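Working notes, structure below.
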Amino acid sequence: MAVMWLRQHPRVLSLPWRPMIKRSERSNAIDVLCSGVLGHEVPIEQWNQFFVEPVEPFTQEERRDWLAEQRNVVMSSDAFLPFRDNVDCAKQFGVGYIAHPGGSVRDDEIKEACDVHKIVLIHTGLRLFHH
């Protein structure tokens, strides 16, 4: 979720691409920027070859501030949510609504977590994920 929201950052939308950079290369380069691996797993010098001017990676503060703007995200699952930490983690990414089939032995914990985080929970009753 975080990577998808970071892809909407104004800095990402205005990257100074070199001419003739293919769509797939652009998408991969944006993923590198948004995933937080730039400068760690992928050298900045190598990554900057896609651009007409140098582009710096997001700072931790920039990432945190942009991600904090994400609100009312809808999360859905074709299988039940098995653990409360699924909801706790979702809240960190601005989830305000969760739809899942229900049916877990921990449904009460999931409902309680949603209540605590003020997340709307919808049981669809439709399970599409089967083992």
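Please treat every number below as a calculation from the coordinates, not as lab data. Quick caveat, the model's predicted, so the values are computed rather than measured. Using ideal geometry, Cβ is built from the backbone for each residue, glycine included, and neighbour counts are taken over all protein chains shown.
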Inset, instruction - Please list, ordered by first then second residue, the pairs with beta carbon atoms under 6 Å, 6 or more apart or interchain, first in segment 61-83 and within 13 Å of M4 (Cα to Cα), second assigned to a loop (DSSP other than H, G, I, E, B). - result: W66/H9; Q70/G94; V73/G94
Inset, instruction - Go through (1) more than 26 Å from R26 (Cβ to Cβ); (2) in contact (Cβ under 8 Å) with a residue 24 or more places away in the chain; (3) of a type in the set (G, A, S) and name the single condition G102 misses. - result: (2)
Inset, instruction - Filter segment 1-17 for residues that are touching a helix residue (DSSP H, G or I) at 6+ places or on another chain (Cβ under 6 Å) and surrounded by fewer than 16 Cβ atoms within 10 Å (Cβ to Cβ) and give the result. - result: V3, R7
Inset, instruction - Give the residues of segment 77-131 that are more than 17 Å from the chain's Cα centre (by Cα) and of a type in the set (D, E, K, R), sorted by residue number. - result: D78, R84, R106, D107, D108, E109, K111, E112, D115, K118, R127
